[in-house]
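Participant: For reference, the structure I am asking about is given below.
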Amino acid sequence: MRALAHPRLGPSAAVRSTSDGPRRSTLLPPALPFPAARLRFRRPPESSSPTTRRSRAMPPPTEAAAAGGAAGGSFPELTCPADFAAVAAPGGRISVVGFGSLLSERSARSTFPELEGFRVAALRGFRRVFAHSAPIFFERGIAVEATKEFSSLSVEPCEGELIVVTVFEINEEEVPAFIEREHEFRFLAVVPEGLDGVPFTNRAVVCARYSDEEYFQERCQGSKEIYNQRYGRYNIDKIWRDDILPCRLYLRHCVLAAKNLGEPAYSNFLDHTYLGDRKTTIREYLASTGAGIMEEEPPESLKSRYGG
């Protein structure tokens, strides 16, 4: 475990984080406006909706992080279980990055009941974007087609960006089901950092934006039947779109999950997660067009699933 305080997120007193290195404590400059101890951050103050503020510039990547490819936006793609095995830690466990619903440990455990080592981390060289048409929202009856509010999150390489995420480990035997469940995503091998800015020893897998053309040819093998079974039956003729808006309950869930992780994760989610235009942050969206989303309650049947 390493000392908590990512250079992007500000300094702190002597605290610890959960990057992959040996346990140590580090004295940090005295300016962080909240105490922290081993990822137990003080919750941000309650508010009906976030206020808009300007994002701060991020520091340059560490030498080790730059060597991992984040600065150049080039990340190895994993296409089959054997590729996942190549990034496994000793013992055969695979590290997975959570950036949306998987910011919630409860959500992560509902998908990966045997996960281990759930912790907060940072991922440099990526941004979060609501540009993914998600059939699950149509299945659950929470997509609003008339207003195009049926987007979930994906991430995409973006030089100079940094997002606060979660990382946890799954068994290698779970990889085929993981690939099937996230069928339309591009799987990239990345090197997360602790919130102290120190890169992890082991690489992790993140589900990134794919393209409709590649998805149809590679994952659907050029078969309209396969595509229609997964998407066409929901009247989705394009998966990756820049003109759709977040599914309301899903966005609320992700914001609450980030808030539960503490101030660094919460502020980072609001200021480094974008609509499909890549300009409007979620903080700005919730203060304008999306006002009221955080006050909406999910139906009883989905309260546990979308409760943050």
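Participant: Just name the residue that is surrounded by the most Cβ atoms within 10 Å (Cβ to Cβ) out of those in segment 270-308 that are without any contact (Cβ under 8 Å) to a residue 24 or more places away in the chain and closer than 25 Å to LEU123 by Cα.
Facilitator: THR280
Participant: Mind checking which residues of segment 109-161 are hydroxyl-bearing (Ser, Thr, Tyr) and within 16 Å of HIS272 (Cα to Cα)?
Facilitator: SER152, SER154
Participant: Follow-up. Identify the residue in segment 190-226 that is among the aromatic types (Phe, Trp, Tyr), touching a helix residue (DSSP H, G or I) at 6+ places or on another chain (Cβ under 9 Å) and touching a residue at least 12 places away in the same chain (Cβ under 8 Å) and, among all such residues, is nearest to PHE150 (Cα to Cα).
Facilitator: Top of the filtered list is TYR210.
Participant: Just the residues that are surrounded by fewer than 19 Cβ atoms within 10 Å (Cβ to Cβ), among the hydroxyl-bearing types (Ser, Thr, Tyr) and part of a loop (DSSP other than H, G, I, E, B), please, taken from segment 196-235.
Facilitator: THR201, SER211, SER223
Participant: Are there any pairs with C-beta distances below 7 angstrom linking a residue in segment 109-124 that is closer than 20 Å to PHE269 by Cβ to a residue that is polar (S, T, N, Q) and assigned to a strand (DSSP E or B), with the two at least 6 apart or on different chains, and if so which?
Facilitator: Listed pairs, sorted by first residue: PHE118/THR166; ARG119/THR166; VAL120/THR166; ALA121/THR166.
Participant: Sticking with this structure for a sec: Out of (1) surrounded by fewer than 16 Cβ atoms within 10 Å (Cβ to Cβ); (2) under 21 Å from LEU103 (Cα atoms), the odd one out for ARG252 is which?
Facilitator: (1)
Participant: Taking segment 273-287 as the region of interest, how many residues are assigned to a helix (DSSP H, G or I) and either farther than 22 Å from LEU102 by Cβ or over 21 Å from the mean Cα position of the chain (by Cα) (or both)?
Facilitator: 1
Participant: So GLY290 clears everything in (1) in a loop (DSSP other than H, G, I, E, B); (2) more than 18 Å from VAL144 (Cβ to Cβ) except one condition, right? Which one?
Facilitator: Status for GLY290: all satisfied but (2).
Participant: Moving on. Pick out the one residue from ARG106, ARG140 that is surrounded by 17 or more Cβ atoms within 10 Å (Cβ to Cβ) and either touching a residue at least 60 places away in the same chain (Cβ under 8 Å) or within 19 Å of PRO199 (Cβ to Cβ) (or both).
Facilitator: One residue alone meets the criteria, ARG140.
Participant: Ok, one more. Scan segment 136-160 for residues that are at pLDDT 95 or above, within 23 Å of PHE75 (Cβ to Cβ) and among the charged types (D, E, K, R) and jot them down.
Facilitator: If the condition is that a residue be at pLDDT 95 or above, within 23 Å of PHE75 (Cβ to Cβ) and among the charged types (D, E, K, R), then GLU156 is the only one that fits.
Participant: Checking the conditions here, which among SER267, SER301 is modelled with pLDDT under 95 and part of a helix (DSSP H, G or I)?
Facilitator: On inspection, the qualifying residue turns out to be SER301.
Participant: Moving on to the next point. Looking at the structure I just gave you, is GLY69 at positive phi, at pLDDT below 95 and surrounded by 14 or more Cβ atoms within 10 Å (Cβ to Cβ)?
Facilitator: Spelling it out, GLY69 is indeed at positive phi, at pLDDT below 95 and surrounded by 14 or more Cβ atoms within 10 Å (Cβ to Cβ).
Residue-by-condition table, conditions (1) outside any helix (DSSP H, G or I); (2) closer than 20 Å to TYR231 by Cα; (3) out of contact with any helix residue (DSSP H, G or I) (no Cβ under 6 Å at 6 or more places or on another chain):
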| site | (1), (2), (3) |
| --- | --- |
| ALA131 | yes, yes, yes |
| PHE138 | no, yes, no |
| ALA146 | yes, yes, yes |
| LEU153 | yes, yes, yes |
| VAL165 | yes, no, yes |
| ILE170 | yes, no, yes |
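Condition check ((1) surrounded by 22 or more Cβ atoms within 10 Å (Cβ to Cβ); (2) under 18 Å from SER101 (Cβ atoms); (3) more than 17 Å from the chain's Cα centre (by Cα)) across all residues:
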site: ASN171; (1), (2), (3): no, no, yes
site: GLU174; (1), (2), (3): no, yes, yes
site: GLU182; (1), (2), (3): no, yes, no
site: VAL190; (1), (2), (3): yes, no, no
site: GLY194; (1), (2), (3): yes, no, no
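The values are calculated or read from the model by the stated rules, or taken from the named source; none is laboratory data. From a predicted model like this one, the values you see are computed outputs, not experimental measurements. Backbone-built Cβ (ideal geometry, glycine too); neighbour counts: all protein chains shown.
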